[in-house]
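Take a look at the structure set out below.
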Amino acid sequence: MSEEKEILNAEDVKELAPLYEKVVLALKQVYDPEIPVNIYDLGLIYELNINKKHEAFVRMTFTAPNCPMADEVMAEVQRSVADVPGITKCEIELTFEPAWDQSMLSDEARVELGLDVDLDTEDGLR
């Protein structure tokens, strides 16, 4: 994607929404090799953008900077996103800012890992 941010209007967003959902589903098929949770629910995807040309940009991280499987996971992300019908290109950027921590886990990941789900209300309903 170009360095200049593309401005999407409401029609663009409406048109791209189904494609965005398909890319998210593709990302949910990629798992951390050491944790039985997909990278999306782990909170490893910091940014996902799709432009009018249907080029995807993914900014992601890992649970630790020295992840021995980083290259393999990034290659799987690249393949999974690029294979989504309608995506014309996929660019991935690796970052460690901010550093990943457990607060980035989705509720689904917390349940899967046996962690307490942070409840917002006294009766446990959101």
*Of Asp41, Asp101, Asp12, which has the largest mean-square fluctuation in a 10 Å C-alpha GNM of the chain?*
Asp12
*What's the angle, to the nearest 10 degrees (0 to 90), between helix 70-82's Cα axis and the longest principal axis of the chain?*
50
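What percent do you get for the relative contact order of the chain when only Cα pairs under 8 Å and 6+ apart count?
Working: 154 pairs, mean separation 32.2, N = 126.
Taking the mean separation of contacting Cα pairs over the length of the chain, I get 26 percent.
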*lysines near Lys22 by alpha-carbon distance under 18 Å, same-chain residues fewer than 8 away left out - which ones?*
Lys14, Lys52, Lys53, Lys89
*Could you go through segment 94-100 in sequence order and give the Karplus-derived ³J(HN,Hα) for each residue, using 6.51 cos²θ - 1.76 cosθ + 1.60 with θ = phi - 60°, rounded to whole Hz, and x for Gly and Pro?*
9, 9, 10, 10, x, 5, 5
_Test of understanding: ordering Asp107, Asp32, Asp116 by Cβ neighbours within 10 Å, fewest first, what list do you get?_
Asp116, Asp107, Asp32
*Which whole-Hz couplings ³J(HN,Hα) result when phi for each residue of segment 38-47 is put into the Karplus expression 6.51 cos²θ - 1.76 cosθ + 1.60, θ = phi - 60°, listed in order with x for Gly and Pro?*
5, 5, 5, 6, 5, x, 7, 8, 8, 8
*Name the long-range amide H neighbours of Glu91: under 5 Å, sequence gap of 5 or more, or other chain; modelled H, no Pro or chain starts.*
Ala56, Phe57, Val58
*Quick one: what are the phi-derived ³J(HN,Hα) couplings along segment 6-11, Karplus 6.51/-1.76/1.60 with θ = phi - 60°, whole Hz, x for glycine and proline?*
8, 8, 9, 8, 4, 5
*Selection from Thr88, Phe62, Trp100, by position along the positive dipole direction of segment 10-112 (Cβ)*: Thr88
*Size of the dipole of segment 10-112 about the Cα centre, Lys and Arg at +1 and Asp and Glu at -1 on the beta carbon, nothing else charged, in debye to 20?*
320
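FYI, it's all coordinate maths here, none of it is from the lab. Note that the structure is predicted; figures quoted are calculated from it, not measured. FYI the Cβ positions are ideal-geometry reconstructions off the backbone, even for glycines, and counts take in every protein chain you see.
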